[in-house]
Amino acid sequence: MKTILMKPLGKIRQLLSADRRQRSNEAVPVAADQSEAQKISYGKAVLNNGVLPTNFSIIIGAAPCNHTCLFCPQSIEKPKKAVWLDLGLLEKVMSEMPEENILLNVASYSETLAAPSLIPSLRLMKKIRPKLSIAMASNGSLFKESVLQQIIDESLVDHYSFSFDAATKNDYATLMQADHYEKTWSHLERLVEMRDQARSSMKVTTHIMGFKGKEADFEEFKKSWDGKVDAVVWRRVSNWGSDDLGLEAQLAREGFVSAHETPSKRFPCPSIFMHFKLNPEGQYFPCVAAVPAYGKNLVAPIGNATEISWADAWERLSQMRQAHLEGRWDDYECCRTCNVWSMWDDMWFEEVLLDGSSRFFLKDVVHAV
């Protein structure tokens, strides 16, 4: 493992040192709303793995989903066929990863629990990198008790992220275009019951998407699940890179408008300093906004896992990170209209250089560059 990572990490550390040297002594700090201590503390919490990412997403498959959610490209067009991540390629990727301190986010571009390769994929991850925690996403509308029992009995998942998304029956039916509210509620109850009966340490959380006017409904939903699940989250809603597919307009027509206000002042996107992902065709992508969009996705891949190592893919993101540190996010088409960067609070400090350009940096936080 050390042999695989030595060269790329050496380059990353060199870039980090160079980045510190390049800051102008005559730069003028720009005032921030948060205190310096708050920003430093938040930066350390978000980027807590030094020059390495804190999260890595593995999309094990893409297939026609049983839901047609208004916020998803599958509400515009379903995939033509199912594609599943090759287990041999997954083994290669896992073998190239660090052994600790990175959370694996496992999902399928469909309902994850229905993926035929789910259990073999999870077993492979735990076998090769047993110290890496796994968080699995599910929309909860399907319930395969035998699959869940395997997950619990074999301790294959450390965090089960149950995407309820809508707090009321009416909103659920509209948002998901399926009347599965009661069924999904009972599935979450049974999941918690199975977890508790097995005395499993698996965390179970659920979230509601944060749309305007839905705050009171969320609070009622939260009261129902407090003490049963480990957390009930009001999740900020982003535009996932752009609205080429018309998803935001589609949601707005039904009364779903994000409650999150994008700050007027932009800062570097934390995602590319803490995360990247692998899709089921073996392509590495740079950010959370890389979702299948049928040729309209603005996010370009970093490279294919058959040709480059995991560490090489992370290093290739350096160019985009440098652009963001220099305020040049518009150099990337995928970043121009995106507001995913604002899903995190501002932890950045800004310097205005003598030529009028800006440079962003973090204080007392070791991070990838």
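Spread over its residues, the convex hull of the C-alpha atoms of segment 175-291 is 179 Å³ per residue. A simple spin-label model places pseudo-atoms 7 Å from Cα toward Cβ; at Glu219 and Gln149 they are separated by 4.2 nm.
If you take every DSSP beta bridge whose two residues both sit in the chain, what share of them, in percent to the nearest 5, is antiparallel?
In the chain, approximately 30 percent of DSSP beta bridges are antiparallel ones.
Springs join every pair of Cα atoms under 10 Å in this Gaussian network model of the chain, and among Gly43, Gly227, Gly210 the largest mean-square fluctuation is at Gly227.
Counted residue by residue at 0.36 nm each, then reduced by the alpha carbon distance between them, the extension gain from Glu77 to Thr168 reaches 30.2 nm.
Within the chain, the cysteines lacking any other cysteine Cβ closer than 4.7 Å to their own Cβ are Cys65, Cys269, Cys287, Cys334, Cys335, Cys338. Per residue, the chain exposes 46 Å² of accessible surface when a 1.4 Å probe is rolled over the protein heavy atoms with every protein chain present. In a Gaussian network model over the chain where Cα atoms closer than 10 Å are linked, find which of Leu104, Leu353, Leu245 has the largest mean-square fluctuation. Among Leu104, Leu353, Leu245, the largest GNM mean-square fluctuation belongs to Leu353. Of the trypsin sites (Lys or Arg not before Pro) in segment 154-204, the ones in a loop by DSSP (not H, G, I, E or B) with at most 13 other beta carbons within 10 Å are Arg199. Each stretch of four or more DSSP H residues adds -39500 (n - 2.57); spread over every residue of the chain, this sum gives -10000 deg cm²/dmol at 222 nm. Largest mean-square fluctuation among Ile59, Ile151, Ile308, in a Gaussian network model of the chain whose springs join Cα atoms under 10 Å apart, belongs to Ile308.
Each label was represented as a point 7 Å from its Cα along the Cα-to-Cβ direction; for Gln38 and Ser318 these points are 3.5 nm apart. On alpha carbon coordinates alone, what is the Rg over Rh value for segment 46-136, Rh being the Kirkwood radius? Dividing the radius of gyration by the Kirkwood radius yields 1.02. For Lys265, the lysines whose Cα comes closer than 24 Å to its Cα, not counting residues fewer than 8 places off in the same chain, are Lys39, Lys44, Lys212, Lys363. As a fraction of the 1.4 Å probe accessible area of segment 246-369, surface on carbon and sulfur atoms comes out at 49 percent.
Please work out whether segment 142-218 counts as rounded, prolate or oblate from its C-alpha gyration tensor, where a ≥ b ≥ c are the square roots of the eigenvalues and a/c under 1.5 means rounded, while otherwise a/b larger than b/c means prolate and anything else oblate? Prolate is the answer for segment 142-218, as a/c is 1.5 or above and a/b outweighs b/c.
In plain terms, the chain from Glu99 to Glu189 could stretch by 29.0 nm, reckoned as 0.36 nm per residue minus the Cα-Cα distance.
Applying 1/(1 + (r/R0)^6) with r as the Cβ-Cβ distance of Val366 and Asp243 and R0 = 56 angstrom yields a FRET efficiency of 0.95.
Label positions at Asp331 and Asp230, each projected 7 Å from the Cα along the C-beta direction, are separated by 3.9 nm.
For Thr205 and Lys127, the difference between the fully extended length at 0.36 nm per residue and the C-alpha to C-alpha distance is 25.6 nm. Listed peptides 271-279, 247-255, 233-241 appear in the order 271-279, 233-241, 247-255 once ranked by packing, highest mean of other Cβ atoms within 10 Å at the front.
Using a Förster radius of 45 Å, what is the FRET efficiency between Glu91 and Glu261 based on their Cβ-Cβ separation? Nearest 0.05, please. Approximately 0.55, to the nearest 0.05. Roughly speaking, to the nearest percent, how much of segment 101-207's 1.4 Å accessible area is carbon and sulfur? Within segment 101-207, the accessible surface is 48 percent carbon and sulfur.
The values are calculated or read from the model by the stated rules, or taken from the named source; none is laboratory data. Predicted, not measured: the structure shown is a model, and the values here were computed from it. Neighbour counts are summed over all protein chains in view; Cβ atoms, including those assigned to glycine, are modelled from backbone coordinates with ideal geometry. Surface areas here come from the heavy atoms of the whole protein model, side chains and all, with no ligands, DNA or RNA. Shrake-Rupley method; radii C 1.70, N 1.55, O 1.52, S 1.80 Å.
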